[in-house]
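The next block holds one structure in the form of structure tokens; read it before the comments.
Each reported figure results from applying straightforward, stated rules to the coordinates on display, with no laboratory input. Given the structure is predicted, the values throughout are model-derived calculations rather than measurements. So basically every Cβ, Gly included, is an ideal-geometry build from the backbone, and we count neighbours across all protein chains shown.
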Amino acid sequence: MSRAQAESVIKRIIREVVQQCAHRGQQVSDTLVAFMVKAVVLDPRNGFNDDRTLTKQDIQRLEELCLDKLMEKCSPSLDTIKMQVYFDMNYTSRREFLEDIHQLVESNLSLVSREITDSRVKTREELDALYCKMVSYILLRSGMGSPTDASTVQEATAVLQSVFPQTELGSFMVLLKKDKEQQLRELTMIVTGIRLFNRANDKRQEKTDLYKLVPAASSEVLRVTSTGLEEELRLSQSLAQKYTAVLEKLTDPDSQCEECDVPILRLKQALYNVRQHEAFLSVLLADAHLCAKHFEIMQSEFSSQMKLLKETMHSKTAVPTAKAFPAFKAVSQLWIGLQDEVELLNILNNIRLNLQPFTASQAKLFSEAYLDGLLGTSEVKTDEQRMIESSDECIVPAEMKTQEWLLPETTASFNEIPLQYDGVCGYTLVNRDGLLLPGNPHVGVLKHKEKLYVFSSKEAALKFASSPDTFIAEVAEKVKCSPELIQLLKLYQQFPSLSPYSEMQPGESLLVKPIKCESGTQTDLHPVETNVVKSYEWNEWELRRKAIRQTDVCTKVTHSVQTDLSHMRRENVTQTWLPKNVTCQSKRDGESNVPKPQTFLAGLRGQRHTNVIKTNLTRSVDE
């Protein structure tokens, strides 16, 4: 059967099963039916072959088996699968939860925001109405009071008028829509910060407690969620330990059990149901503790920010807006963060409450008194007690050198390594016919084919390590008969046809084995060469214009002009000979000194009729 044919058949089966369940008064989702169809096909007891094309009789039998499982009354196995489907479809990461909360707030305020940003006021009454809408928007976004409360509206209006008087609506109206939305958000943060500051001043305390500023309903969520999760998780763990002790007693091959009519299969399904509930509650409680941690951090920041704001405001009669508004925005941002934590806790609490009905069937089948009667004098051990008892036994790698063992003393980040079967002992799961016992990593972690396995005792570890592939295959066969174990033990990689519920599509191929292969394709950059003649012209008149222009150009003379700005732009190239390294010899420089001629004339002054006597005073060269 091809993939397309298989998907068409499965879609038709899912649609038919959903309709039949609706006719019988049971509303089921397509995701639940899709998983149930996969589980029925995967179960070897039903005799479906992946390699054989489904006949009409096979399809009819598949639909009947799915209907029988979905319509089964008081079934812990069905309730566990429903619990898994609900949790995977409603739980997500903290970041995505916060994104959903923010999107919901924006969606709820989109109508009011659109009325403000798209308004075109002309009269005084319309301006007043627009200002009232802005006050309502600020109250709705801040979560501090209701727009129907007159005193709250009066307080918010007074604060808004102090930072954004009604006379500034004219400048607000000429802004673009995005700028209007941005200014609305900034006004909301400033007004919220001022109102929080005013409320903190009313408390007249040195340290402002953010918890006391939270409304009563939000305070109740903060208090109830963590305590409710802790109490419910404690009860679930106690019940799981009791089921484990009962099954440990009934499946012990060395003991002679007198209760032959005890429904061991139902007890195992009830154990899986309680263990899955415990796992989901642990996830929710971890998120609740993270919310409480974030709240403590915000409480500390809020107190310090409010103290700084009080000192700034009380020390001066007038504070510049450039200094006050950022402080108010910081306080408002902490308030928004607190509201996000409250909403997230509310979501977690709702998930916790919605998980409770999925544990009703096991509580109805097996009461506390019935379980106590089966236990008799047997001791109920907690998971911590089992860990302590088995910690004395430790694997010595020298005892089995054919396998690789990880020990706490030789492995970095030992407590954070990913464990196969979600930390459950695989040997006990096979040897005790589906009993779930938590493994103890301190006994020794077996590394086999890049996967890590833990065990409840040293004996279980050695027997599993003697033939790991056989035990892994037997675990897979056990899981096929109990499909709720696929998510409980996190075995999606071992069963690729069964994906997590949140990633499952109703029309996925179920009867076609997934094919894995490496393939590559390559295409030319331009498979079809373009042949565009750019000189082509379809317009006859354009061709005529080009002809006339070409004829006119032929009669012209080309002139060139050189200007001061362009005469140096020509590229010139010159070639020169490189200077030679040459030497020459010249005559020696010499010098000479000759006497300076000197002549003395006597009789030039004082005598009129006498002769002038000329005397040569030049020194001789020989001197």
So which of Lys56/Lys364; Lys449/Lys480; Lys381/Lys451; Lys56/Lys478; Lys268/Lys449 end up more than 32 Å apart by C-alpha? Lys56/Lys364
If the cut-off is a Cα-Cα distance under 23 Å, which lysines reach Lys177, setting aside same-chain residues fewer than 8 apart in sequence? Lys122, Lys133, Lys329
Check which residues have an amide H placed less than 5 Å from Gly439's amide H, if you skip close sequence neighbours. Val424, Cys425
Quickly work out the Thr576-to-Leu175 label distance, labels modelled 7 Å from Cα along the C-beta direction, and quote it in nm with one decimal. 6.8
FRET efficiency, 1/(1 + (r/R0)^6) with R0 22 Å, evaluated for Ile264 and Leu375 via beta carbons: 0.90
Computed lengthening from Lys56 to Arg544, 0.36 nm per intervening residue step minus Cα-Cα distance: 168.0 nm
For the chain, what is the mean residue ellipticity at 222 nm derived from helices alone (per DSSP H run of n ≥ 4: -39500 (n - 2.57); sum divided by total residues; nearest 500 deg cm²/dmol)? -18500 deg cm²/dmol
Only residues of the stretch 63-102 count here: report those whose backbone N is under 20 Å from the spot 7 Å along Cα→Cβ of Ser367, or say none. 74-76
Got a sec to turn the phi values of the stretch 25-30 into Karplus ³J(HN,Hα) couplings, 6.51 cos²θ - 1.76 cosθ + 1.60 with θ = phi - 60°, whole Hz, x for Gly and Pro? x, 10, 8, 10, 8, 4
Stretch in the chain that is longest and holds no chymotrypsin sites (Phe, Trp or Tyr not before Pro) that DSSP places in a loop and that have at most 10 other beta carbons within 10 Å: 1-535
Rg and Dmax of the stretch 58-106, Cα atoms, in Å? 17.4, 51
Neighbours of Thr117 by Cβ distance under 11 Å: Lys/Arg at +1, Asp/Glu at -1, summed charge +2
Extension gain, Lys133 back to Arg24 (0.36 nm per residue minus Cα-Cα distance, nm): 34.2 nm
If amide H atoms are modeled at 1.01 Å from N in the peptide plane, then the residues at a separation of 5 or more from His448, or on another chain, having amide H under 5 Å from its own are Tyr453
For Lys323, counting only lysines whose alpha-carbon sits under 16 Å away and dropping same-chain residues fewer than eight positions off, the answer is Lys307, Lys310
Translational D in µm²/s for the stretch 1-152 (Stokes-Einstein at 25 °C, 0.890 mPa s, Kirkwood Rh from C-alpha pairs): 120
Of the listed values [x] 35, 30, 27; [y] 84, 45, 40; [z] 73, 34, 19, grab the one calculated as semi-axes √(5λ) of the Cα gyration tensor in Å from the structure here. [y]
Gain in span if fully extended, Leu235 to Ala286, counting 0.36 nm per residue against the direct Cα distance: 16.7 nm
